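Laboratory data are not the source of any read-out in this text; all were calculated from the coordinates shown. Keep in mind it's a predicted model, so treat the numbers as computed, not measured. Backbone-built Cβ (ideal geometry, glycine too); neighbour counts: all protein chains shown.
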Amino acid sequence: MDKWLDEVARTLARGASRRRLLKMLGTGALGAVFMQVVSPEASADNLCKPSGNLPQSKCNKNEQCCSGNCTDGRCQPQRAGCTSDADCNDGNDCTEDHCVHGSGGSFFCIHGNLSGTPCNGGAGTCQSGVCVT
C-alpha cells in the first residue's frame with residue numbers, strides 16, 4: 001500500500017496523464033475492497049460485541065464490548081451505579097469484584113473469576129469462579 005501511495009504521489013508531482021492516474025486509483029480501490037473481503041475479522045474485531053455466553057461475545061479488551069466489560073475473555077453485562085469496589089460485592093468468595101470506569105463517564109462492576117483460593121470458610125477451593133467443596 002505504501003508503494004502504491006508513493007507511486008500516486010510521484011505521478012501527481014510530475015503531471016502524468018489522467019488515464020494513468022485513474023488507473024492507479026482504480027487499482028488502489030480494488031485492493032482495499034479485496035482486503036475487506038479477505039480479512040473482514042480485522043475490522044469486525046473492533047465492533048461492539050454483545051454480552052453473554054455467545055461465540056461473538058469473546059473479547060480481549062473492554063473496548064470490544066458494548067458494555068465496556070470484558071472479563072475472562074467474554075463480554076459481560078454492565079452494572080451501572082457503582083462508586084467503589086464494595087458496591088460490586090456479589091457475595092461470591094470466588095470472584096474478585098471491582099468498580100471500573102467505562103465509556104461515556106459511566107461506572108460498572110466486573111467480576112473476575114478466582115481459582116485456587118480458599119472459599120466457604122476454608123471448606124472449599126475456588127475453581128473458575130465456583131466454590132468446590
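Regarding segment 81-133, what whole-number volume in Å³ per residue does the convex hull of its Cα atoms give?
Working: hull volume 3.4 nm³, N = 53.
Here the figure is 64 Å³ per residue.
Search the structure for amide H atoms under 5 Å from the amide H of residue 117, placed 1.01 Å from N in the peptide plane, and list their residues when 5 or more places away or on another chain.
126
At a 10 Å Cβ-Cβ cut-off, how would you order 61, 23, fewest neighbours first? If you can, show how the numbers build up before the last one.
On the way: 61 10, 23 13.
The fewest-first ordering by Cβ neighbours comes to 61, 23.
Taking amide hydrogens as modeled 1.01 Å from N in the peptide plane, which residues meet the under 5 Å criterion relative to residue 74, leaving out close sequence neighbours?
59
Ordered by residue, what ³J(HN,Hα) values in Hz, to whole numbers, does segment 48-57 give under the Karplus form 6.51 cos²θ - 1.76 cosθ + 1.60, where θ = phi - 60° and Gly and Pro are x?
5, 9, x, 7, x, 9, 10, x, 7, 8
Explain nothing, just compute: Karplus ³J(HN,Hα) = 6.51 cos²θ - 1.76 cosθ + 1.60, θ = phi - 60°, for every residue of segment 64-69 in order, whole Hz, x for Gly and Pro.
Residue by residue, segment 64-69 yields 7, 9, 4, 7, x, 10 Hz.
Taking neighbour Cβ counts within 10 Å as the exposure measure, how do 71, 133 sort from fewest upward?
Working: 71 21, 133 7.
Lowest to highest Cβ neighbour count: 133, 71.
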